[in-house]
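Visitor: Dropping a structure here in structure tokens format, bear with me for questions.
The values are calculated or read from the model by the stated rules, or taken from the named source; none is laboratory data. Computed from a prediction, not measured in an experiment: that's the story for all the values here. When we count neighbours, we look across all protein chains shown, and the Cβ atoms used for this are built from the backbone with ideal geometry, even at glycine.
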Amino acid sequence: MTAPASQVDPFDLVIFGGTGDLAVRKLLPALYHRYADGQIQPGSRLIGVARDTLSQADYHTRVRAALAKAQGEDLPEDVLQGFLKLVSYHALDARKDDGWSQFAAAMQPDSDRVCVFYLATSPEIFIPICERLREHGLNHGKVRVVVEKPIGRDLKSAAAINDAVGRCFAEQQTFRIDHYLGKETVQNLVALRFGNALFEPLWNAGHIDHVQITVAETIGVEWRAGFYDGAGALRDMVQNHLLQLLCLVAMEPPASLAPDAIRDEKLKVLRALKPINESNAAQCSVRGQYRAGASNGGAVPGYLEEIARPESRTETFVALKAELGNWRWAGVPFYLRTGKRLPERVSEIVITFRAIPHSIFGEHAGPISPNKLVLRLQPDEGVKLWLMNKYPGPGGLRLRRVALDMSFAEAFGVRNPDAYERLLMDVVRGNPTLFMRRDEVEAAWAWADPILQAWEASNEAPKSYTAGTWGPSAAVALIERDGRTWHEDAP
Ligand code: BG6
């Protein structure tokens, strides 16, 4: 069980790419949970759309298999049957004109009912789908369209997609998803910062030494070699997920939780990022690519073997030193790091406070580490506050770093919902707070583009790292040059 959630009125949700990986691995399990928890009511319609010729029974078999994989044992037959009653399949080739009239007729557009079109397809067909939805009269009052990342591969292509979607749907109808914003701990960052009086007075350059944001994965590129090799870690992870996390850490307190109040503040952060370009990319950025090594207890091939393109220069790891040019954060580096085939799967934000100005303890007390606030997004979601404490017992006053440790699972005793559960229901309810506005996406590209251009201009290959290590040694040097180290979760 998750915390109780209010029911939503029956709605229609169409997933373009209904047989694809995102639909099967994430969207359908998320919808199942919302149904099992009573939030989605009977009468709603969940319609998978894809090119494959499948019967309803075939599609149900696929959905059942996907849910069994996601849920394991915990899939009560009666709940599953109830859920499958909502699910149907419609074969349609989004690139061709054929079949759209039948699809439109089957949809029976109803202007009083919320209808969500989820574009879980490759971005090349976003535009044809939007245009056909409009041509066939499927854009009525309560229609919303969800666009998955990647939105473009640079500022120009992102603007072209935004323009084209914008010709068919208004900005208020457009939900650009970044699933990191649906993660519980990410939303908890807002609760922690603005629901407690404790942190905000210290949340600035006067008290914070630096911030680290790490999103590490153990997996390689899996089945996505084609997409990934054309993108790389900066486009796949930094331009969206890591920058969104940075925005939530760095933004000014919004006046309210109103969608634009938060998004306006995030936009100001993106616009305050100092440029990384040809003049400073060598000092402020490191790109890496994994070679053969070990991961998850077994030997794994290198990236080039995995994608079978020996000449590829695509980065699978990025470390950056970002800075914000504003009063609150002047001089406070934000070190960002993400990569595939790293030693463990961990996503966390570490806020390191400044050292104490003067120590009253003698040498025998041991070193005094600065306080750190660690927000762990995954796995074991929770918050740790590292403090100095007296080591118990006689024998002189010795100090030791200890963490005040709050695990969300233990504190609340509820299942942490997957990010997509929250985000899908927000689309249905029409709440865009956790979705990226057009100007945010474009501001993030405007910062990322010069980094990509600087790498291109340098003509250097990414630095190699062994799979199962924390990236190239240059990433350690990036932070150690400044007299700091990457956070390790140990006393
Ligand atoms: C996606 C990226 O957006 O996020 C993937 O395209 C990455 O490359 C994934 O693996 C990570 O998401 P999560 O929720 O598993 O951290």
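Visitor: Name the one entry in Gly99, Gly18, Gly82 that is surrounded by 21 or more Cβ atoms within 10 Å (Cβ to Cβ) and either touching a residue at least 40 places away in the same chain (Cβ under 8 Å) or touching a Leu at 6+ places or on another chain (Cβ under 8 Å) (or both). Please lay out each step first, then the result.
Guide: Numbers: Gly99 fails: surrounded by 21 or more Cβ atoms within 10 Å (Cβ to Cβ); Gly82 fails: surrounded by 21 or more Cβ atoms within 10 Å (Cβ to Cβ).
After applying the criteria, what remains is Gly18.
Visitor: With respect to Asp163, determine if the residue is in a strand (DSSP E or B) and among the charged types (D, E, K, R).
Guide: Against the criterion (in a strand (DSSP E or B) and among the charged types (D, E, K, R)), Asp163 does not qualify.
Visitor: Are there any pairs with C-beta distances below 9 angstrom linking a residue in the stretch 183-196 that is closer than 12 Å to Arg376 by Cβ to a residue that is modelled with pLDDT of 90 or more and of a type in the set (S, T, N, Q), with the two at least 6 apart or on different chains, and if so which?
Guide: Final answer for the pair search is Lys183/Ser347; Thr185/Ser347; Val186/Gln244.
Visitor: Just to check your reading of the model, which residue among Lys321, Lys340 is more than 16 Å from the ligand (Cβ to nearest atom) and in contact (Cβ under 8 Å) with a residue 24 or more places away in the chain?
Guide: Lys321
Visitor: Here's another thing I want to ask about it. Scan the stretch 444-476 for residues that are in a helix (DSSP H, G or I) and charged (D, E, K, R) and report the count.
Guide: Filtering the stretch 444-476 for residues in a helix (DSSP H, G or I) gives 444-458, 473-476.
This time we only want the ones that are charged (D, E, K, R), so: 449, 456.
The number of residues fulfilling the criteria is 2.
Visitor: Let me ask something else. Could you check Phe199 against (1) under 16 Å from the mean Cα position of the chain (by Cα); (2) more than 8 Å from the ligand (Cβ to nearest atom) and say which number it fails?
Guide: Failing condition for Phe199: (1).
Visitor: I would also like to ask the following. For Pro379, state whether it is under 23 Å from Arg415 (Cα atoms) and of a type outside the set (Asp, Glu).
Guide: Spelling it out, Pro379 is indeed under 23 Å from Arg415 (Cα atoms) and of a type outside the set (Asp, Glu).
Visitor: Look through Val441, Val476 and report the one residue that is under 23 Å from Gly182 (Cα atoms) and of a type in the set (Val, Ile, Thr).
Guide: Val441
Visitor: Out of everything in the stretch 172-187 that is part of a helix (DSSP H, G or I) and either charged (D, E, K, R) or in contact with a strand residue (DSSP E or B) (Cβ under 7 Å, 6 or more places away or on another chain) (or both), what residue ends up being farthest from Lys372 (Cα to Cα)?
Guide: Residue satisfying both the conditions and the ranking: Gln173.
Visitor: Just to confirm my filter: which strands (runs of 3 or more DSSP E) fall fully inside the stretch 237-306 and include at least 1 residues that are buried (at least 23 other Cβ atoms within 10 Å of the Cβ) and at pLDDT 95 or above? Talk me through it step by step, then tell me what you get.
Guide: Numbers: elements: 285-291, 293-295, 298-300.
The strands (runs of 3 or more DSSP E) meeting that bar are 285-291.
Visitor: Output the number of the condition that Asp439 fails; it satisfies all remaining conditions of (1) at pLDDT 95 or above; (2) over 30 Å from Glu148 (Cβ atoms).
Guide: It is condition (2) that Asp439 fails.
Visitor: Identify, from the list Val79, Val87, Val147, Val116, the residue that is aliphatic (A, V, I, L, M) and within 25 Å of Val238 (Cβ to Cβ).
Guide: Going through Val79, Val87, Val147, Val116 in turn, the sole match is Val147.
Visitor: Right, here's the next one. Among the residues of the stretch 209-230, are any crowded, with 22+ Cβ neighbours inside 10 Å, touching a residue at least 60 places away in the same chain (Cβ under 8 Å) and either farther than 28 Å from Arg484 by Cα or among the acidic types (Asp, Glu) (or both)?
Guide: Yes, the stretch 209-230 has at least one match.
Visitor: Still on this model: Is it the case that Arg193 is closer than 18 Å to Arg437 by Cα, basic (Lys, Arg) and more than 13 Å from the ligand (Cβ to nearest atom)?
Guide: Considered against the rule, which asks whether it is closer than 18 Å to Arg437 by Cα, basic (Lys, Arg) and more than 13 Å from the ligand (Cβ to nearest atom), Arg193 comes out as no.
Visitor: Can you tell me which of (1) of a type in the set (Ser, Thr, Tyr); (2) under 29 Å from Asp229 (Cβ atoms); (3) in a loop (DSSP other than H, G, I, E, B) is the one Thr338 doesn't meet?
Guide: That leaves (3) as the condition not met.
Visitor: Now a separate question. Based on this model, can you work out whether Gly396 counts as touching a helix residue (DSSP H, G or I) at 6+ places or on another chain (Cβ under 8 Å) and surrounded by fewer than 15 Cβ atoms within 10 Å (Cβ to Cβ)?
Guide: Criteria met by Gly396.
Every residue, every condition in (1) assigned to a loop (DSSP other than H, G, I, E, B); (2) within 16 Å of the ligand (Cβ to nearest atom); (3) surrounded by 15 or more Cβ atoms within 10 Å (Cβ to Cβ), yes or no:
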residue	(1), (2), (3)
Asp110	yes, no, no
Glu124	no, no, no
Ile127	no, no, yes
Asn139	yes, no, yes
Arg153	yes, yes, yes
Lys156	no, no, no
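Visitor: Give me the residue from the stretch 158-174 that is more than 16 Å from the ligand (Cβ to nearest atom) and touching a residue at least 40 places away in the same chain (Cβ under 8 Å) and, out of that set, farthest from Ile125 (Cα to Cα). It would help to see each step written out before you state the result.
Guide: Step one: of the stretch 158-174, the residues more than 16 Å from the ligand (Cβ to nearest atom) are 159-174.
Remaining after also requiring touching a residue at least 40 places away in the same chain (Cβ under 8 Å): 159, 162, 166, 171-172, 174.
Values: Ala159: 15, Asn162: 13, Gly166: 15, Glu171: 19, Gln172: 21, Thr174: 16 Å.
Looking at the filtered set, the residue picked out is Gln172.
Visitor: Would you tally the residues in the stretch 217-268 being closer than 26 Å to Phe194 by Cβ, touching an Asp or Glu at 6+ places or on another chain (Cβ under 8 Å) and within 12 Å of the ligand (Cβ to nearest atom)?
Guide: Residues flagged as closer than 26 Å to Phe194 by Cβ, touching an Asp or Glu at 6+ places or on another chain (Cβ under 8 Å) and within 12 Å of the ligand (Cβ to nearest atom) within the stretch 217-268 amount to 3.
Visitor: Taking the conditions exactly as written (surrounded by fewer than 22 Cβ atoms within 10 Å (Cβ to Cβ) and out of contact with any helix residue (DSSP H, G or I) (no Cβ under 9 Å at 6 or more places or on another chain)), does Leu342 satisfy them or not?
Guide: It is false that Leu342 is surrounded by fewer than 22 Cβ atoms within 10 Å (Cβ to Cβ) and out of contact with any helix residue (DSSP H, G or I) (no Cβ under 9 Å at 6 or more places or on another chain).
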